[in-house]
Amino acid sequence: MSRYETLEELAGRYGTPLYVYDLDRIDAARRDLFGWLPEGVEVYYAFKANPHVDLVRALREGDGPACKAEISSTGELAAALDGGYTGADILYTGPGKTPGELREAIARGVRTFSAESPGDLEHIGQAAVVHGVVADCLLRVNSATASASTGIRMTGKPTQFGIDSETVAELAPRLRSVPGTSIAGLHLFSQSNAKDEDALIEEFRHTIEVAAQVEADLGVALRLLDIGGGFSVPYGRHGARDAYPKLRGELEAALDLRFPRWRRGELRIAVESGRYLVGDSGTLLASVSNVKTSRDRRFVILDAGINTFGGMSGLGRILPVSIRIEGDAEVTGKGTLAGPLCTPGDLLAREIDLPELDEGDVIAIPNTGAYGPTASLLMFLGRPAPAEAVVRGGEVLSVSRIEHIRSPLPLDDA
């Protein structure tokens, strides 16, 4: 471990682009989230937000309740196990699980899966039978209706995610009879990044109503109900995590109405969160490579672009990022933040307020702990991945970089 005083000092020491993740902020986010929820509600950390092993470990260790793991690949499974999770702590989700990855997950101790369709449930059962075990399955349900609006909606429309709620009653005999599986509960994930607390509460209330109807249609007493997430934090711009002071009471009331047995521990309740737990822990440091003017518009070209902070850049979004530089210099005008890639799509922000910037200046983009390197076009143009530093209490705990390695496969003997 080594001490540091400022983020800019870390940029000078390790170079840019550089992500800095502060574990103290992750501790605070975990403490806050459990505090907003009813006592006993479980939290699954969505590894897709950031699978860095040090962050994963921090969410499992320390004071207070530990997060469990929600994963969607064998790569995330490896990260979970490296972070100290066991198979019993893991929920394996995703619409495209292959026979090979299901067999690997079960061989490594995973016993709880989200089943996205009757076929997916059967694939899980086939892998379980091979290993002589029974997999607890949460049926993911695509509700025919939705409540609140949000940036990313997961239900209420045709989608690859989940079993359409209106078909459950007809499918129930098939779903209940898949060898190697036991229907343990439901998985309903309807939104990401809810716009405010009222929208989140309304969506959870609607989800619980749908779950009660689906339980009746299935004819199975649920043991685990995962009501999804939607907890909000700014992404790549200034601002604070949302607070949810009304959530505990509203959730308790909704559960008491539809599932009173949850109070007796006969039904476990779970939520999922990725960005809320790690989002505000991260700061991306980037250096200015060039400043140019094109037809009266200013372009600030950075050494970090959509290969570094892409925000799942395949979605084609231009991110409304905001920046800080040492001393919080005064805004001098508008400008566009561009990355180093040879594509006009490599933009982080268009025509935002900027201070005067020169070559070599270091900028800081806040709230970048979620959907950073692993959600970016890391390999495009072969540029090195950004370094990632993990800190706590003014000390650097680790610094690492993802490496791109091409590994040969055996040639066919024929």
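The values are calculated or read from the model by the stated rules, or taken from the named source; none is laboratory data. Note that the structure is predicted; figures quoted are calculated from it, not measured. All Cβ positions, glycine included, derive from the backbone under ideal geometry; neighbour counts span all protein chains shown. Calculation scope for accessible area: heavy atoms of the full protein, side chains included, ligands and nucleic acids excluded. Shrake-Rupley method; radii C 1.70, N 1.55, O 1.52, S 1.80 Å.
Structure notes:
- Across the range 37-83, the volume of the C-alpha convex hull divided among the residues equals 71 Å³ per residue.
- Largest-first ordering by accessible area, 1.4 Å probe, given options Lys48, Lys195: Lys195, Lys48
- For the range 242-368, a Kirkwood radius taken over Cα pairs fed into Stokes-Einstein (37 °C, viscosity 0.692 mPa s) yields D = 187 µm²/s.
- Using the Cβ-Cβ distance between Arg297 and Glu8 with R0 set to 35 Å, the FRET efficiency from 1/(1 + (r/R0)^6) comes to roughly 0.80.
- Listed values for the range 259-276 are Karplus-derived 3J(HN,Hα) couplings in whole Hz (6.51 cos²θ - 1.76 cosθ + 1.60, θ = phi - 60°), namely 9, x, 5, 4, 5, 8, x, 7, 9, 7, 10, 9, 10, 10, 8, x, 4, 5, and x replaces Gly and Pro.
- Accessible area (Å², 1.4 Å probe, nearest 10) - Cys342: 120
- Between Asp82 and Glu170, residue separation times 0.36 nm minus the direct Cα-Cα distance comes to 27.5 nm.
- Translational diffusion of the chain, estimated by Stokes-Einstein from the Kirkwood radius over alpha carbon pairs at 10 °C in a medium of 1.306 mPa s, is 70 µm² per second.
- The chain - mean residue ellipticity at 222 nm from DSSP helices (-39,500 (n - 2.57) per run, n ≥ 4, rounded to 500): -8000 deg cm²/dmol
- Per-residue SASA entry for Ser407, accessible area with 1.4 Å probe, Å² rounded to 10: 80
- Accessible area ranking (1.4 Å probe, heavy atoms, ligands and nucleic acids excluded), largest first, for Val210, Val271: Val210, Val271.
- Close amide H contacts of Asp361 (hydrogens built in the peptide plane, cut-off under 5 Å, sequence separation of 5 or more or a different chain): Val288.
- FRET efficiency estimate (nearest 0.05) - Cβ-Cβ, Arg103 to Met1, R0 25 angstrom: 0.05
- Amide hydrogen neighbours beyond the local backbone of Ala338, cut-off 5 Å, H modeled: Val300, Ile301, Leu302, Leu348
- Interchain or long-range residues, amide H under 5 Å from Thr181's placed H: Ala135
- Each of the GluC sites (Glu not before Pro) that DSSP puts in a loop and that has at most 15 other Cβ atoms within 10 Å breaks the chain; the longest unbroken stretch is 62-265.
- Taking every protein chain into account, the accessible area of the range 30-99 amounts to 36 square angstrom per residue (probe 1.4 Å).
- The range 41-186, Rg to Rh (Cα coordinates; Rh as Kirkwood inverse mean 1/r): 0.98
- Here the accessible area is traced with a 1.4 Å probe on the protein chains. For the chain, carbon and sulfur cover 51 percent of it.
- Accessible area ranking (1.4 Å probe, heavy atoms, ligands and nucleic acids excluded), largest first, for Leu257, Leu347, Leu218: Leu257, Leu347, Leu218.
- Take Ser117: with every protein chain present and a 1.4 Å probe, its accessible area is about 40 Å².
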